[in-house]
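Everything below concerns the one structure shown next.
The values are calculated or read from the model by the stated rules, or taken from the named source; none is laboratory data. Nothing here was measured: the structure is a model prediction, and the numbers come from that model. All Cβ positions, even for glycine, are placed from backbone atoms using ideal geometry, and neighbour counts span all protein chains on display. Areas reflect the complete protein model, heavy atoms only, side chains present, ligands, DNA and RNA absent. Shrake-Rupley method; radii C 1.70, N 1.55, O 1.52, S 1.80 Å.
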Amino acid sequence: MSTFPLPPGQLSAALSPLPSGKLPAALLTALLAQDIPTDPRVLIGPRVGEDAAVIDMGDRLLIAKADPITFATDAIGHYAVTVNANDIAVMGGTPRWFLATLLLPETRTTAALVQDIFTQVRQACHELGIALVGGHTEITVGLERPILSGHMLGEVTRQRLVTSAGVQVGDAILLTKGFPVEGVSIIARECAAQLASQGHAPEDIARWQQFLFRPGISVVKEAQVLQQAVEVHAMHDPTEGGVATGLWELAQASGVGLHMHAEQLPVLPEGALLCQAFGLDPLGTIASGALLAAVPAAQVERAIRACAEIGIACYHIGMAAADATELVLHTGTQMRPLPTFARDEILTLFQ
């Protein structure tokens, strides 16, 4: 007779299907704890809250990142290059080499579709000075839409390496552009017909769709500018799960608390409008395009000016605290826990 290592209640939970989106943080943490690299050249391995791995290559460090694109299939090539480049840049590095694993649905794949995706990848790589160096393509069963898994390699000197774990007590937390930039683009691209039926003008829908490019989901430029202008202790790229999840990951990686102020959170007007139309919370909606950074409080104004000089808005949204249990949102005189999201709000559009 077989026996189970878990009590019945825990066994039932372990066998229950998980929801779409990121793996639950507790499960991922437990899994990663079983795979601690033994190679001494691995300076940063798999960790919750870190954007990429870092490997010692001698005179410089190699940064390695993998990230798939499962939303916004009409712009999948641009997305894949950009979000993977972002994760190199927020660690202080320069994205250099890109590999793409492209899985395509049978019966729906045409030469024109493949050509379009490759053109997007090529253009995005060219804009960021990245070389496409390899990958894999395959038409496979069981897919409803293309899936593009990107793999980016970059490099950084030891002196310029930045991690998510570097937030110091008293640091100011900054956020660029506003949010959810990526959420606006995805909603407008995936729900154009619904938006039109709600009375939104075609030109507005078209403009929202272009948020992918303007203001854009790349944070490479502002990450580089901030490092040149101020002492950056940590950076993080909030993506799936929105700004709220990005802040939680930043706090977890650094072992600090965060005090955020609701009136200082720059929710884009377009983001507020579209999230309200579909019952989404902007704080939990996919947020590529925004950059989170921790800098000394005395250097906030310098950081904001540096971003303004390249046409990018930068906002002071909160402070880091010593008590790691204090991840809170202040609204006027009221204080409550910062909302958490088990999965990204945008996923309700795909159900």
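Do you know which residues across segment 79-102 are of a type outside the set (S, T, N, Q) and either open to solvent by 10 Å² or more (accessible area, probe 1.4 Å) or in a loop (DSSP other than H, G, I, E, B) (or both)?
Taking segment 79-102 as the starting set, the residues that turn out to be of a type outside the set (S, T, N, Q) are 79-81, 83, 85, 87-93, 95-100, 102.
Passing the criteria: 90, 91, 92, 93, 96, 97, 99, 100.
In a residue-by-residue description of segment 103-114, the property of being open to solvent by 60 Å² or more (accessible area, probe 1.4 Å), in contact with a helix residue (DSSP H, G or I) (Cβ under 8 Å, 6 or more places away or on another chain), acidic (Asp, Glu) and without any contact (Cβ under 8 Å) to a residue 60 or more places away in the chain applies to no position.
Do we find a residue being within 24 Å of residue 48 (Cα to Cα), open to solvent by 10 Å² or more (accessible area, probe 1.4 Å) and not basic (Lys, Arg) anywhere in segment 205-219?
Step one: of segment 205-219, the residues within 24 Å of residue 48 (Cα to Cα) are 217-219.
With open to solvent by 10 Å² or more (accessible area, probe 1.4 Å) added as a condition, the list becomes 218.
Restricting the remaining residues to those that are not basic (Lys, Arg) gives 218.
Within segment 205-219, one or more residues are within 24 Å of residue 48 (Cα to Cα), open to solvent by 10 Å² or more (accessible area, probe 1.4 Å) and not basic (Lys, Arg).
Scanning segment 101-126 for residues that are among the small types (Gly, Ala, Ser) and over 21 Å from residue 289 (Cβ atoms) yields 111, 112. Reported count of residues in segment 297-324, each being over 23 Å from the mean Cα position of the chain (by Cα) and over 14 Å from residue 173 (Cβ atoms), is 7.
Here segment 180-192 is the region considered, the condition is being out of contact with any Gly (no Cβ under 6 Å at 6 or more places or on another chain) and hydrophobic (A, V, I, L, M, F, W, C), and the residue that is surrounded by the most Cβ atoms within 10 Å (Cβ to Cβ) is 187. Do we have any residue at all in segment 276-283 that's touching a Gly at 6+ places or on another chain (Cβ under 8 Å), of a type in the set (A, V, I, L, M) and open to solvent by 30 Å² or more (accessible area, probe 1.4 Å)? No - not one qualifying residue is present in segment 276-283. Checking 49, 9 one by one, the residue that is part of a loop (DSSP other than H, G, I, E, B) and either modelled with pLDDT under 95 or more than 20 Å from residue 150 (Cα to Cα) (or both) is 49 and no other. When residue 155 is tested against (1) surrounded by 15 or more Cβ atoms within 10 Å (Cβ to Cβ); (2) within 16 Å of residue 219 (Cβ to Cβ), just one condition goes unmet, and that condition is (2). With respect to (1) open to solvent by less than 10 Å² (accessible area, probe 1.4 Å); (2) over 17 Å from residue 270 (Cα atoms); (3) of a type outside the set (Val, Ile, Thr), the lone exception for residue 195 is condition (2).
Is one or more of the residues making up segment 66-78 modelled with pLDDT of 85 or more, in a helix (DSSP H, G or I) and polar (S, T, N, Q)? No, the conditions are met nowhere in segment 66-78. Taking segment 66-78 as the range and being under 20 Å from residue 126 (Cα atoms) and open to solvent by less than 40 Å² (accessible area, probe 1.4 Å) as the test, the residues that pass are 67, 69, 75, 76, 77, 78.
Find the residue count for segment 318-343, including only residues that are part of a loop (DSSP other than H, G, I, E, B), of a type in the set (A, V, I, L, M, F, W, C) and open to solvent by less than 30 Å² (accessible area, probe 1.4 Å).
The initial filter retains those residues of segment 318-343 that are part of a loop (DSSP other than H, G, I, E, B), namely 322-326, 332-333, 338-343.
The next check asks that each one be of a type in the set (A, V, I, L, M, F, W, C); those that pass are 322, 324, 338, 341-342.
Okay, now just the ones that are also open to solvent by less than 30 Å² (accessible area, probe 1.4 Å), so 338.
Total meeting the criteria: 1.
Within segment 216-238, residues that are among the acidic types (Asp, Glu) sit with their Cβ atoms under 6 Å from residues that are part of a strand (DSSP E or B), at 6+ positions apart or across chains, in these pairs: 222/176. Scanning segment 28-46 for residues that are out of contact with any helix residue (DSSP H, G or I) (no Cβ under 7 Å at 6 or more places or on another chain), part of a loop (DSSP other than H, G, I, E, B) and surrounded by 14 or more Cβ atoms within 10 Å (Cβ to Cβ) yields a single hit, 45. Taken over segment 242-264, the residue count meeting the criterion of being surrounded by fewer than 19 Cβ atoms within 10 Å (Cβ to Cβ), not small (Gly, Ala, Ser) and not in a helix (DSSP H, G or I) is 2. Contact map, segment 133-150: residues that are under 21 Å from residue 119 (Cβ atoms) and surrounded by 15 or more Cβ atoms within 10 Å (Cβ to Cβ) paired with residues that are modelled with pLDDT under 95 and aromatic (Phe, Trp, Tyr), Cβ distance under 9 Å, separation 6+ or inter-chain. Pairs shown: 148/79; 150/79.
For segment 155-237, which fully contained helices (runs of 4 or more DSSP H) count at least 2 residues that are under 18 Å from the mean Cα position of the chain (by Cα)? Even if it seems obvious, please write down each step before you answer.
On the way: elements: 181-190, 192-197, 202-209, 220-229.
The qualifying helices (runs of 4 or more DSSP H) are 181-190, 220-229.
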